[in-house]
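J.: One structure is given below, represented as structure tokens, and several questions about it will come after.
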Amino acid sequence: MTGQSDKPHTSGMEKRNLVKKVREQRKMSQRRLALLTGIAQSQIGSIERGESWPSIEKAHRIAEALQSTTKRLWPPTPLSQAIVSDSTRQPAA
């Protein structure tokens, strides 16, 4: 044993979301979510696994179908908060 974890290494940039958790809390299948949103079931699965990001429009459709918000489904990460914070700074006078 080398003491290394069996978990794959991540850079901290993985695409975390709560779509699957909220969908399961609503007792909704991926198929039903796909039908309600017009998004392919395979893409719903890819989004839930963090393999892809939905467009803003699709994210809103998913949130609406799950009676949730995009902010709840895709909570801000420290990196995204730093980027937003940096982009909203006023230039020095």
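Read the figures in this text as sums done on the coordinates, not as results from a lab. Everything numeric in this text was worked out from a predicted model, so none of it was measured. A quick note on method: Cβ atoms are made from the backbone with ideal geometry, for glycine too, and the neighbour counts reach across all protein chains shown.
J.: Give me the number: length gained by fully extending Arg32 to Ser46, i.e. 0.36 nm times residue separation minus the C-alpha to C-alpha distance, one decimal in nm.
T.: On the way: separation 14, 0.36 × 14 = 5.04 nm, distance 1.55 nm.
Going from the current span to full extension adds 3.5 nm.
J.: At Thr70 and Lys58, where each label point lies 7 Å from the Cα along Cα→Cβ, what is the point-to-point distance in nanometres?
T.: Placing both labels 7 Å beyond Cα along the Cβ direction yields 1.4 nm.
J.: Report, by chain and number, residues whose modeled amide H sits under 5 Å from the one on Gly50, excluding near sequence neighbours (fewer than 5 apart, same chain).
T.: HN-HN under 5 Å from Gly50: empty list.
J.: Please list, in order along segment 43-59, the HN-Hα scalar couplings obtained from phi with the Karplus expression 6.51 cos²θ - 1.76 cosθ + 1.60 (θ = phi - 60°), rounded to whole Hz, x for Gly and Pro.
T.: Rounded to whole hertz, the list is 6, 4, x, 4, 5, 4, 7, x, 7, 8, 9, x, 5, 4, 4, 5, 4.
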